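Readers should treat all values here as calculations from the given coordinates under stated rules, not as data from a laboratory. Computed from a prediction, not measured in an experiment: that's the story for all the values here. Please note: Cβ atoms are built from the backbone with ideal geometry, for glycine as well, and neighbour counts cover all protein chains shown.
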Amino acid sequence: MRTIDDVLSKLKPVFRAREFIAALGRKADYAYVALHRLKRAKKIGGLRKGWWAKTGATPEEIACAVSYPCYLSFHSALHAHGLTTQIPRFVQLAVCRKARKYVFQGNEAREYRVKKVEFEGFEIIEGIPIAVPEKAFADCLRFPRACPAAILAEAKEKVNIWEVKRTCNKRMLKRLKEVENAITRTP
């Protein structure tokens with residue numbers, strides 16, 4: 001019979017109660033008691049009904065698990081790739097369903113809806129689906145409120161701008177031109 005700590009070590013950083021029950025192989029009542037004991041021991045934390053996170057799980061891991069299917073993009077992805085020094089205030093995700101906002105463990109997650117045909121251009125890094133730098137930059141151009149122009153200006157020098165332009169429509173190209181103009185105006 002597996003111990004509770006063995007089961008916990010084999011689970012992902014964010015998991016559902018039913019996954020824990022199945023992995024434990026015991027009755028649900030026993031598993032819920034074990035979950036609450038783990039919470040009291042500060043080995044896990046409750047996210048919302050039926051969702052748990054291991055202590056040390058990053059906000060990005062948590063948000064990607066709760067919002068699945070999604071990928072980390074916009075300012076969050078630019079920062080994760082080291083393209084900007086500005087730290088994002090919330091986790092930003094691209095989804096292809098109705099977008100929502102929610103709060104978990106004092107962190108905020110914001111989802112932005114992209115078309116199904118645009119739901120691509122990401123890779124899995126350390127278990128987190130994250131947009132490649134050019135895709136994150138293009139997503140920021142598509143949703144102007146997702147990322148300020150100053151952050152785009154900082155990241156512009158480190159991305160392949162021709163790859164970005166290939167995915168841009170007229171409105172996005174206009175915003176890119178505004179970002180470029182802002183760069184030349186700054187001393």
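For this structure, a couple of remarks:
- Counting only Cβ charges, +1 for Lys and Arg and -1 for Asp and Glu, the dipole size of segment 4-54 around its Cα centre is about 220 debye.
- Cβ crowding within 10 Å averaged over residues, with 98-109, 67-78, 2-13 ranked highest first: 67-78, 2-13, 98-109
- Around Lys98: net Lys/Arg minus Asp/Glu count, Cβ-Cβ under 10 Å: +2
- Partnerless Cys - the chain, beta-carbon criterion under 4.7 Å: Cys64, Cys70, Cys96, Cys168
- Given charges at beta-carbon only (K, R positive; D, E negative), |dipole| of the chain in Debye: 860
- Note on segment 39-129: lysine pairs with Cα distance below 27 Å, sequence gap of 8 or more or different chains, count 14.
- Rounded D (µm²/s) - segment 59-185, Kirkwood Rh over Cα pairs, Stokes-Einstein at 4 °C, 1.567 mPa s: 89
- Dipole-positive endmost among Ala34, Gly50, Ile4 within segment 4-54 (Cβ charges, Cα centre): Gly50
- Relative contact order for segment 109-168: 29 percent, from Cα pairs under 8 Å spaced at least 6 residues apart, divided by residue count.
- Rounded Å value of the spacing that divides the Cα centres of segment 21-49 and segment 124-170: 39
- A simple count of charges around Phe15, restricted to other residues whose Cβ falls under 12 Å of its Cβ and scoring Lys, Arg +1 and Asp, Glu -1, yields +3.
- Computed label-point distance, nm, for sites Lys98 and Lys174 using a 7 Å Cα→Cβ extension: 3.0
- Were the residues from Arg89 through Arg48 laid out at 0.36 nm apart, the gain over their Cα-Cα distance would be 12.7 nm.
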